[in-house]
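Trainee: I am attaching a structure below and will ask some questions about it afterwards.
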Amino acid sequence: MACAAVGVPGLFRGSVGAICTQAALLRLTPSALRHLTLSSIMKSKRKTDHLERTADVVRREVVSAAKVCGTAYESPSVKRLRLLVADKDFSFKAGQWVDFFIPGVSVVGGFSICSSPRLLEQERMIDLAVKYTNHPPALWIHNQCTLDSEVAVRVGGEFFFDPQPADTSRNLVLIAGGVGINPLLSILRHSADLHRAQADKGSGYAMGTVKLFYSAKNTSELLFKNILDLVNEFPEKIACSLHVTKQTTQISAELKPYITEGRITEKEIRDHISKETLFYICGPPPMTDFFSKQLENSHVPKEHICFEKWW
């Protein structure tokens, strides 16, 4: 699954409210959705296509209409979309992705949801962030997608964090490379929502600590710098270590305390191993292969290591 595929109130200014209200009227008929899905599958022939790569991965049956109600650029090469999904049967778990169906585009996209499940529950919205590539769905998003564009989405994926209230408390270590941050951001935001629920109600799942390791070429390619807002909101519970591998400009004072120049190291990860800790890894295949293997060599149970590769 390609994780290259954002949920913060106030990100998308302007006429969002009016557009999203109109979007609530959007409905695709079952026959139209079925035709969109089947025709896309039939035309999707390249082995690198999302549907073929994920043919054996669990996904939901429901295909839901969605409408673009916000767009913005997170970096020069990554465009964010906010989608209104009015269908009450549409739901997802933090870390999952969507099949992304575009009318008139035969190739189906696969993009991780970056927002928390709570945003969908409260506002019927999900956020995606898509890096520019020559893949037809990404090209459409960057060059043709506008406010009011209508698409369809279907949830899939076995890479998620969905603890139940009675489950054992766990710590999380999230390891992200490049746009692999996307599903991990959804998990991070979901963890923050669980902390808030505990603080407000004193009930629900007892979330442990979360440590994010996130590497990119330089600070302009580090997406979602508002991650630091969560670190500041939960200083005892959420921490992050941001890595840059090819920084050529001066690092801003705001980011500097969190920045390490150089790759994420095996030792940094090993220092966080415990029997209560789950590891989630998403990034380029060599990175996910390296850290999952190192964790196994350090005797972390396989069921405590979750990873997804972006291509």
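The values are calculated or read from the model by the stated rules, or taken from the named source; none is laboratory data. Because the structure is predicted, anything quoted here is derived from the model rather than measured. Virtual Cβ from ideal backbone geometry, glycine too; neighbours counted across all protein chains shown. Heads up: the accessible areas ignore ligands, DNA and RNA and are worked out on the full protein's heavy atoms, side chains in. Shrake-Rupley method; radii C 1.70, N 1.55, O 1.52, S 1.80 Å.
Trainee: With the condition kept exactly as written, say whether any residue in the stretch 126-138 is under 30 Å from LEU194 (Cα atoms), among the small types (Gly, Ala, Ser), in contact with a helix residue (DSSP H, G or I) (Cβ under 7 Å, 6 or more places away or on another chain) and buried (at least 20 other Cβ atoms within 10 Å of the Cβ).
Mentor: yes
Trainee: So the check is Cβ under 8 Å with 6+ separation or different chains; which pairs have a first residue in the stretch 194-214 that's within 25 Å of ILE273 (Cβ to Cβ) and assigned to a helix (DSSP H, G or I) and a second one that's open to solvent by less than 10 Å² (accessible area, probe 1.4 Å) and of a type in the set (Val, Ile, Thr)?
Mentor: HIS195/ILE238
Trainee: With the requirement that a residue be in a strand (DSSP E or B) and touching a Leu at 6+ places or on another chain (Cβ under 9 Å), what does the stretch 284-311 give you?
Mentor: Correct list: ILE305, CYS306.
Trainee: Can you work out which of the residues in the stretch 82-121 that are of a type outside the set (D, E, K, R) and assigned to a helix (DSSP H, G or I) is surrounded by the fewest Cβ atoms within 10 Å (Cβ to Cβ)?
Mentor: LEU120
Trainee: Does the stretch 162-182 contain any residue that is in a helix (DSSP H, G or I) and under 25 Å from LYS88 (Cα atoms)? Walk me through it before giving the result.
Mentor: Filtering the stretch 162-182 for residues in a helix (DSSP H, G or I) gives 178-182.
Now restrict to residues that are under 25 Å from LYS88 (Cα atoms): 182.
So far as the stretch 162-182 goes, yes, one or more of its residues are in a helix (DSSP H, G or I) and under 25 Å from LYS88 (Cα atoms).
Trainee: Would you call ALA197 of a type in the set (Gly, Ala, Ser) and either under 21 Å from VAL57 (Cβ atoms) or in contact with a helix residue (DSSP H, G or I) (Cβ under 7 Å, 6 or more places away or on another chain) (or both)? Don't jump to the end; show me each part of the working.
Mentor: Values: of a type in the set (Gly, Ala, Ser): yes; either under 21 Å from VAL57 (Cβ atoms) or in contact with a helix residue (DSSP H, G or I) (Cβ under 7 Å, 6 or more places away or on another chain) (or both): no.
Taking the combined requirement at face value, the residue does not satisfy it.
Trainee: Just name the residue that is most open to solvent (accessible area, probe 1.4 Å) out of those in the stretch 215-240 that are closer than 22 Å to THR288 by Cβ, assigned to a strand (DSSP E or B) and touching a helix residue (DSSP H, G or I) at 6+ places or on another chain (Cβ under 7 Å).
Mentor: Checked the stretch 215-240; the qualifying residue most open to solvent (accessible area, probe 1.4 Å) is ALA239.
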